[in-house]
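Trainee: There's a structure below that I have some questions on.
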Amino acid sequence: MPKRYGMVIDLERCVGCHTCTVACMMEHDLTAAAGIVVQTIGGEDRDTPSGKHPDLHMHFLPILCAQCANAPCIENCPSGAIQRREDGIVFIDSAACDSCLNCTFSCPYQAIFHDEKTETLWKCNLCKDRLDRGEEPFCVICCEGEALVFGDLNDPNSDVARMISDRGGQALLAETAPAVWYCPTKQGRIR
């Protein structure tokens, strides 16, 4: 069975430090947070809890391209710039991209961004160039809380497959057949 690279995000370990966002910006020379964005799940504002003292609740939800097997962005890209590798990674060929924005409107994760520096569209590609060199995605390496775990979803002995199985991993939108999964908080929450 071919590899299908993916990621599991442990919401119990994510502390909302945004190191993953900064790592992505540095690795891909981005001018704004684009590859991975960390949302606060709690109050109405960033880093604020919901509830009343002493019953307060807050956790963080990193959102990135889910590397969907049923990727609406690929289906809605008229130039064929969005492609999938054999290992499941979905990427944008910037040379073929005409910046029509169809993919941004069709992505249910809102994970495709316009890069003002290059005037092209950009999204997480799980650091495919690093993977080709035998390295892990930069956000995974830089995550202080070790909340991001990368591996082959098709290998039942991989850390990612075991986490999904043992910890009740959940997808944000199962209908897209994503390769990014979440281990919920102790309260069973993702969103």
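The values are calculated or read from the model by the stated rules, or taken from the named source; none is laboratory data. Everything quoted here is computed from the prediction, not taken from an experiment. Don't worry about glycine lacking a Cβ; one is built from the backbone with ideal geometry, like all the others, and counts go over all protein chains shown. For the accessible areas, the whole protein counts, side chains as well, though only heavy atoms, and no ligand, DNA or RNA atoms are used. Shrake-Rupley method; radii C 1.70, N 1.55, O 1.52, S 1.80 Å.
Trainee: Taking only protein heavy atoms into account and a 1.4 Å probe, give the accessible area per residue of region 1-144 in Å². Could you put the intermediate results ahead of the total?
Mentor: Working: 7520 Å² over 144 residues.
Heavy-atom accessible area per residue stands at 52 Å².
Trainee: Could you work out the relative contact order of region 1-43? I mean the mean sequence separation of Cα pairs under 8 Å and 6+ apart, divided by the number of residues, in percent. Please list the in-between numbers first.
Mentor: Numbers: 23 pairs, mean separation 13.5, N = 43.
Computed value for region 1-43: 31 percent relative contact order.
Trainee: A follow-up question, please. What is the sum of charges, Lys and Arg at +1 and Asp and Glu at -1, for the other residues whose Cβ falls under 15 Å from the Cβ of D98? If you can, show how the numbers build up before the last one.
Mentor: Working: positive: none; negative: D93, D115, E119.
Neighbourhood net charge equals -3.
Trainee: How do W122, W181 rank by accessible surface area computed with a 1.4 Å probe, from largest to smallest?
Mentor: The most accessible residue leads, giving W181, W122.
Trainee: Once the piece of chain linking A33 and R13 is laid out straight, how much longer is it, given 0.36 nm per residue of separation minus the C-alpha distance between them? Don't skip to the answer; put the middle values down first.
Mentor: On the way: separation 20, 0.36 × 20 = 7.20 nm, distance 2.11 nm.
Net length gain for the segment: 5.1 nm.
Trainee: Within 10 Å, at most 11 other Cβ atoms, and a DSSP state outside H, G, I, E, B define an exposed site. Report the longest part of the chain free of exposed GluC sites (Glu not before Pro). Mind showing how you got there, number by number?
Mentor: Details: sites that count: E44, E86, E116, E119, E144, E146.
In the chain, the maximal stretch lacking such sites is 147-191.
Trainee: Still on this structure, please answer the following. Taking a 1.4 Å probe, which of M7, M26, M163 shows the most accessible area, and what order do the others take after it? Intermediate results must be reported in sequence, preceding the final value.
Mentor: Numbers: M7 0, M26 140, M163 35 Å².
Sorted descending by solvent-accessible area, the residues read M26, M163, M7.
Trainee: Starting from the coordinates of the alpha-carbon atoms of region 1-61, obtain the Kirkwood hydrodynamic radius over all distinct pairs and give the value in Å to one decimal. Intermediate results must be reported in sequence, preceding the final value.
Mentor: On the way: mean 1/r = 0.0738 Å⁻¹.
Here the Kirkwood hydrodynamic radius works out to 13.6 Å.
Trainee: Step through the residues of region 153-160 one at a time and calculate ³J(HN,Hα) from phi using the Karplus curve (6.51 cos²θ - 1.76 cosθ + 1.60, θ = phi - 60°), rounding each to whole Hz and writing x for Gly and Pro.
Mentor: For region 153-160, the Karplus-derived couplings read 5, 7, 9, x, 9, 6, 4, 5 Hz, x marking Gly and Pro.
Trainee: Provide the FRET efficiency to the nearest 0.05 for the A95-N154 pair, computing r from the beta carbons and using R0 = 35 Å. Please list the in-between numbers first.
Mentor: On the way: r = 30 Å, r/R0 = 0.86.
Once rounded, the FRET efficiency stands at 0.70.
Trainee: Restricting to Cα pairs below 8 Å that are 6+ residues apart, what does the relative contact order work out to for the chain? Please round to a whole percent. It would help to have the intermediate numbers written out before the result.
Mentor: Values: 394 pairs, mean separation 59.7, N = 191.
Relative contact order here is 31 percent.
Trainee: Spin-label point model (7 Å from Cα, Cβ direction): what's the M58 to R46 distance in nm?
Mentor: Placing both labels 7 Å along Cα→Cβ, they lie 1.3 nm apart.
Trainee: I'd like the distance between the alpha-carbon centres of region 123-163 and region 63-90, rounded to an integer number of Å.
Mentor: Region 123-163 and region 63-90 have Cα centres spaced 18 Å from each other.
Trainee: Over the chain, what percent of the accessible surface lies on carbon and sulfur atoms, probe 1.4 Å?
Mentor: Working: 4810 of 9940 Å².
In the chain, the share of accessible area belonging to carbon and sulfur is 48 percent.
Trainee: What list of ³J(HN,Hα) values in whole Hz, one per residue of region 52-60 in order, does the Karplus curve 6.51 cos²θ - 1.76 cosθ + 1.60 (θ = phi - 60°) give from phi, with Gly and Pro shown as x?
Mentor: 10, 4, x, 9, 9, 9, 6, 8, 10
Trainee: Between E136 and D166, what is the label-point separation in nm under the 7 Å Cα-to-beta-carbon projection?
Mentor: 1.5 nm
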